[in-house]
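One structure is given below, encoded as structure tokens.
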Amino acid sequence: MEPLVTAIAAALSQLGISARLGDGTDVTVLERYLAAGWGSGGKSIDYEARFFADPSERTVYAYEKTQEVSQGLQFGGDSESSFQSGTTLFRKVKGSRIGLDGRVVAYEIDLGAVPKAVKAVVQQHGWTYRTVLLRKKAMYPPGYAPAPAPATGFAPAPAQAPHWGFCSGCGKPLTAGARFCVACGKPVPPR
């Protein structure tokens, strides 16, 4: 099982997503895709995923949750496209907002990239990928003793990651590995 869990974490890392090993399941993803604010409101998109590789069934149980919050007065629009392949939902979100202060926030996020990448790794290892609706089904069952975590270098992200540059939109410091500026929401080009 260790090579599978390591391969899942590596695939997520290639997407710029930090994965934690352990934490009640084999792989945990907690990602803030968007945190944009303007004088009159704001919008955030948070993503959570849990992956449990059950060796007795050679199945990876996957749980996903996306939470979107918008508040305040704003103008603009969102567009969303989604399609389903088997039990996996692939979803893209694109939008722009204009606050009363004239600030424009544009974003484009592929919310299906994580399950698509994990599903590909799982299938390459000859396992089954199954989406579950309840978080507890993608967590270690009571009494389950997982194998010791592999020494992969994947670990929880530090509480306060160092910055590695400045946003070209607003000039605020960017956190290492950030996909969007937390101050204005502008996408950050990959490094």
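The values are calculated or read from the model by the stated rules, or taken from the named source; none is laboratory data. In this text the structure is predicted, and so the values were computed from the model without any measurement. Note that each Cβ is placed from the backbone with ideal geometry, even for glycine, and that neighbours are counted across all protein chains shown.
For the reader, a short list of remarks on this structure follows.
- Against the numbered list (1) more than 12 Å from the chain's Cα centre (by Cα); (2) at pLDDT below 90; (3) more than 22 Å from Leu134 (Cβ to Cβ), Leu15 comes up short only at (1).
- Count of the stretch 43-68 residues, restricted to those that are without any contact (Cβ under 8 Å) to a residue 60 or more places away in the chain and under 20 Å from Glu108 (Cβ atoms), is 5.
- Criterion (at pLDDT 70 or above and polar (S, T, N, Q)) met by exactly one of Gln67, Gln74: Gln67
- Selection over the stretch 104-160 of residues that are β-branched (Val, Ile, Thr) and at pLDDT below 85 gives a count of 4.
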